[in-house]
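The values are calculated or read from the model by the stated rules, or taken from the named source; none is laboratory data. Here the structure is a predicted model, which is why all the values come from computation and not from measurement. Glycine also receives a Cβ, built like all others from the backbone with ideal geometry; neighbour counts cover every protein chain displayed.
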Amino acid sequence: MTYDNIKKNINILLADDDEDYLLMTYTFLKQLGYNVDKVNDGNQALDALNSKDYQIALLDYFMPGLNGEEVIQEIRKTNKQLIIILQTGFSGQKPPIETMQTLNIQNYFDKTEGIDRLNLELISAVKIFKQQNEIELSRYKQNAIGNLISGIAQEMKSDLLSVSASIELANMVLSDKNTNIDKGEVKKLNEFYDKSKETLSNIDKVLTSLIRQSGNDNDYVIDGNEAFRLIKLILKNVAKDRQVNFETNISLRPNSYLKGDVNDIIFLTSEILSKIIEQSNPNDVVKFSLTEDEENWLFDISSDNISKLQNSFTYLLRMLVISIENCMINIDEDSIVISLKK
């Protein structure tokens with residue numbers, strides 16, 4: 001996504017006890033197209049950060065109630081991803097480097113440097129936000145690739161055994177036409193062989209799709225069935241190891257093709273499902289379906305164990321979706337729906 005597109009989806013909290021500065025800065029940021037809320041003390045800032053998803057916080061160092069540093073100490077207990085710019089009134093009030101490092105404060109802003117300087121800091125903060133998301137999605141991709149390799153290995157091991165059995169049977173028939181072979185066994189092995197060919201063909205489609213997605217082709221589209229097949233294969237062994245009932249369903253129109261950042265959606269969906277399965281007990285049910293309506297493709301996850309996901313993880317999910325174009329997420333106690341606009 002472009003900087004302007006990400007900026008439209010980012011929420012900023014501005015906290016300062018100087019009413020004139022607060023109003024001037026709030027108005028300026030609104031004119032630049034930022035989504036910004038304002039509060040005038042530390043207690044209000046902490047309440048706001050705990051009640052709404054913010055990606056960037058501009059916090060005054062000295063405020064009544066809780067000061068900026070105290071607000072950060074509290075919010076960092078549950079939120080590691082928030083980008084924080086600490087505002088100071090004078091250059092001599094620069095926070096110690098140790099404080100910046102300990103509390104993971106991304107930057108500080110000396111108000112005397114002017115409002116244009118603050119805009120540069122925000123541009124940098126948006127870029128940091130984008131980079132953080134790219135790193136996290138890359139980690140999800142690595143997890144998915146590892147699970148995919150494991151899934152493919154199991155698929156191929158099972159099917160290669162049936163292919164081997166079919167070949168052995170064929171050799172027996174060819175070497176001795178009088179060999180007494182049960183017709184039912186022949187039929188069964190033929191079915192195994194046909195299934196093996198289908199599995200290997202599906203794996204070929206999945207890997208081809210994955211390689212093509214990695215080419216940064218903006219015009220790339222993926223068949224809905226391929227996306228569905230890829231997620232199933234990634235999660236197959238994960239669910240098996242946890243003895244979880246992983247139920248899947250696909251309901252798409254014929255020749256339904258997904259476009260856009262589909263690879264990011266696939267990795268994000270796989271990571272969510274993996275986290276839910278990790279929280280599940282043997283014989284629990286986790287359901288995944290890929291459907292569509294007139295405007296969106298819908299990646300629908302349902303489970304009684306969604307409520308067990310940590311708040312920090314669900315917060316991160318909402319942050320990641322901001323940087324995926326035409327994507328939205330809705331998280332309830334028993335369902336998570338990722339929608340990708342057509």
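State whether one or more residues within the stretch 18-34 are buried (at least 19 other Cβ atoms within 10 Å of the Cβ), among the aliphatic types (A, V, I, L, M), within 29 Å of Met328 (Cα to Cα) and out of contact with any Ser or Thr (no Cβ under 9 Å at 6 or more places or on another chain). Give the derivation first.
Restricting attention to the stretch 18-34, the residues satisfying the condition of being buried (at least 19 other Cβ atoms within 10 Å of the Cβ) are 25, 29, 34.
Still in the list and also among the aliphatic types (A, V, I, L, M): 29.
Then drop every residue that is not within 29 Å of Met328 (Cα to Cα), which leaves 29.
Now drop any that are not out of contact with any Ser or Thr (no Cβ under 9 Å at 6 or more places or on another chain), which leaves 29.
There is at least one residue in the stretch 18-34 that is buried (at least 19 other Cβ atoms within 10 Å of the Cβ), among the aliphatic types (A, V, I, L, M), within 29 Å of Met328 (Cα to Cα) and out of contact with any Ser or Thr (no Cβ under 9 Å at 6 or more places or on another chain).
Of the candidates Asn79, Asn50, the single residue that is polar (S, T, N, Q) and assigned to a helix (DSSP H, G or I) is Asn50. Number of residues in the stretch 254-304 that are closer than 25 Å to Ile145 by Cβ, in a strand (DSSP E or B) and among the aliphatic types (A, V, I, L, M) equals 5. Given the criterion within 17 Å of Phe246 (Cβ to Cβ), at pLDDT 90 or above and assigned by TED's automatic domain parsing to the domain that holds Gly151, identify the matching residue among Ile301, Ile331. Residue meeting the stated conditions: Ile301. Just a yes or no: is a residue in the stretch 113-125 at pLDDT 90 or above, closer than 30 Å to Asp261 by Cα and in contact with a strand residue (DSSP E or B) (Cβ under 6 Å, 6 or more places away or on another chain)? Yes: one or more hits. Of everything listed in (1) in contact (Cβ under 8 Å) with a residue 12 or more places away in the chain; (2) within 28 Å of the chain's Cα centre (by Cα); (3) within 22 Å of Glu98 (Cβ to Cβ); (4) surrounded by fewer than 16 Cβ atoms within 10 Å (Cβ to Cβ), the single unmet condition for Ile75 is (4). Do the conditions hold for Ser251, that is, is it assigned by TED's automatic domain parsing to the domain that holds Glu325, hydroxyl-bearing (Ser, Thr, Tyr) and at pLDDT 90 or above? Judged against the criteria, Ser251 is a match. Total residues in the stretch 1-60 satisfying the condition of being touching a Gly at 6+ places or on another chain (Cβ under 9 Å) and over 19 Å from Lys111 (Cβ atoms): the figure is 6. The single condition among (1) within 27 Å of Glu136 (Cβ to Cβ); (2) touching a helix residue (DSSP H, G or I) at 6+ places or on another chain (Cβ under 8 Å); (3) modelled with pLDDT of 65 or more that Leu210 does not satisfy is (3). Being of a type outside the set (Ser, Thr, Tyr), closer than 26 Å to Phe129 by Cβ and over 17 Å from the mean Cα position of the chain (by Cα) is the requirement here; does Asn283 meet it? Here the answer is no, as Asn283 does not meet what is asked. Residue pairs whose Cβ atoms lie under 8 Å apart, separated by 6 or more positions or on different chains, with the first residue in the stretch 137-149 and assigned by TED's automatic domain parsing to the domain that holds Leu230 and the second of a type in the set (Gly, Ala, Ser) and part of a helix (DSSP H, G or I), are Tyr140/Ser270; Asn143/Ser270; Asn143/Ser274; Ala144/Ser270; Asn147/Ser270; Asn147/Ser274.
Of all residues being part of a loop (DSSP other than H, G, I, E, B) and touching a helix residue (DSSP H, G or I) at 6+ places or on another chain (Cβ under 6 Å) in the stretch 244-253, which is farthest from Ser280 (Cα to Cα)? Just the residue, please. Result: Leu252.
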